[in-house]
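Read the structure below first, then the notes.
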Amino acid sequence: MDELIATLKAMAEPTRLRLLALCSKGEFTVSELVQILGQSQPRVSRHLKLLCDAGLLQKLREGSWMFYRFQPDENAASLAEHLLSLIPEDDAMIALDQSRLEEVKAERSKAATDYFRRNAMHWDKIRALHVDAADVERAITDILLENPGEKFLDIGTGTGRMLELIAPQFQSADGIDQSYEMLAIARDNLDRAKLKNCQLRQGDMYQMPFSDQNYDAASLHMVLHFADEPAKVIAEAARVLRPGGKLLVIDFAPHSLEELRKKYHHRRLGFSDGEFAHWFQRNGLQFKSPVHLPGGQLTVALWRGIKN
């Protein structure tokens with residue numbers, strides 16, 4: 001009864017109900033919510049704190065930014081979702097919020113598109129050196145979607161493409177990346193794909209903010225060649241996998257294209273099967289037969305391990 005009453009009290013206020021309705025549609029900063037609601041930042045922040053204290057919203061820090069999302073505690077989830085479903089869509093205030101929400105999303109999308117356009121030429125040059133991306137994605141889904149579990153993690157998520165491919169088959173999925181700009185692109189892409197079970201985090205792949213044995217599957221897609229210490233990344237990925245969980249690493253086999261190091265800051269010019277066999281074994285992962293996809297000047301390899 002106490003929890004029920006606390007949830008009802010937290011939601012029984014117009015601004016807080018509007019905030020919950022907005023945050024059920026994505027992740028937003030305080031400044032974005034202020035822009036949508038047309039209220040002062042202190043007022044909005046106070047309401048957000050009350051909703052977080054009531055277990056109805058979750059806050060996630062990205063550097064100096066704080067994102068809020070609708071992720072109620074298990075006990076409050078069904079009630080909160082039911083009450084939100086009762087809000088009339090033709091309510092004038094809700095309609096205005098929705099209109100301003102679309103403006104905020106459009107601003108996000110423009111910023112993400114501008115960043116992508118500035119850097120797309122470099123990515124296109126690299127993609128031209130290897131097998132078609134569609135062939136790589138088919139191989140990825142064949143591995144990760146065979147007996148999918150509940151929770152998926154994409155490490156170095158970039159544009160969020162792995163989440164778009166894999167997350168629909170999992171109950172929940174997280175993406176982590178160091179770059180704020182890439183997270184903005186990923187957030188826009190996931191919003192367009194209407195994926196509600198995904199959560200993005202800014203963080204370090206060497207020290208991820210996740211507990212041990214938390215995921216059923218994890219991926220590192222074209223990330224490891226940027227790492228100063230790839231062995232430590234593998235160890236951290238293994239740490240967060242549950243027994244029986246899958247780790248899939250997609251990267252380049254050994255090559256000699258020094259241009260990728262000089263122009264695009266690749267730390268490693270590919271990896272050997274032997275390196276992954278060693279790293280996996282050292283971190284309690286069974287090394288499975290790798291998949292090699294030759295094409296052009298680069299061979300894309302998929303290395304997979306199963307947590308003991």
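Put in line by how crowded their Cβ is, counting other Cβ atoms within 10 Å and starting with the fewest, 177, 91, 2 read 2, 91, 177. Residues whose amide H comes within less than 5 Å of that of residue 214, counting only those at least five positions distant or on another chain, are 241, 242 (H built at 1.01 Å from N in the peptide plane). Residues 7, 15, 29, ranked from the fewest to the most other C-beta atoms within 10 Å, line up as 29, 15, 7. Using only the alpha-carbon atoms, how far is helix 273-282 inclined from the longest principal axis of the chain? Give it as 0 to 90 degrees, nearest 10. Roughly 60 degrees between the two axes.
Which of rounded, prolate, oblate describes the range 71-219, given a ≥ b ≥ c as roots of the alpha-carbon gyration tensor eigenvalues and a/c under 1.5 marking rounded, otherwise prolate only if a/b is larger than b/c? Here the range 71-219 falls in the oblate category.
With R₀ fixed at 45 Å, the C-beta to C-beta distance from residue 255 to residue 73 puts the FRET efficiency at about 0.40. Seen against the Cα atoms of the chain and their longest principal axis, helix 74-85 is set at about 60 degrees. The calculated 222 nm mean residue ellipticity attributable to helices in the chain amounts to -15000 deg cm²/dmol, summing -39500 (n - 2.57) over DSSP H runs of n ≥ 4 and dividing by all residues. Here each label is just a point 7 Å from Cα along the line to Cβ, and for residue 206 and residue 264 those points are 2.4 nm apart. Extension gain for residue 129 to residue 61 (0.36 nm times residue separation, less C-alpha to C-alpha distance): 20.8 nm.
At an R0 of 22 angstrom, the distance between the Cβ atoms of residue 138 and residue 193 translates into a FRET efficiency of 0.75. Under the simplified labelling scheme, the residue 92-residue 147 pair shows an inter-label distance of 5.9 nm, with each label point 7 Å from Cα along Cα→Cβ. GNM on the chain, alpha-carbon springs under 10 angstrom: the most fluctuating residue among 293, 83, 195 is 83. Taking 251, 90, 188 in turn, the Gaussian network model of the chain (Cα-Cα springs below 10 Å) assigns the largest fluctuation to 90.
Of 179, 78, 31, which is the most mobile in a GNM of the chain whose springs link Cα atoms less than 10 angstrom apart? In this elastic network of the chain, the residue with the biggest mean-square fluctuation among 179, 78, 31 is 78.
Values quoted throughout were computed directly from the atomic coordinates according to the rules given, and no laboratory measurement underlies them. Computed from a prediction, not measured in an experiment: that's the story for all the values here. Don't worry about glycine lacking a Cβ; one is built from the backbone with ideal geometry, like all the others, and counts go over all protein chains shown.
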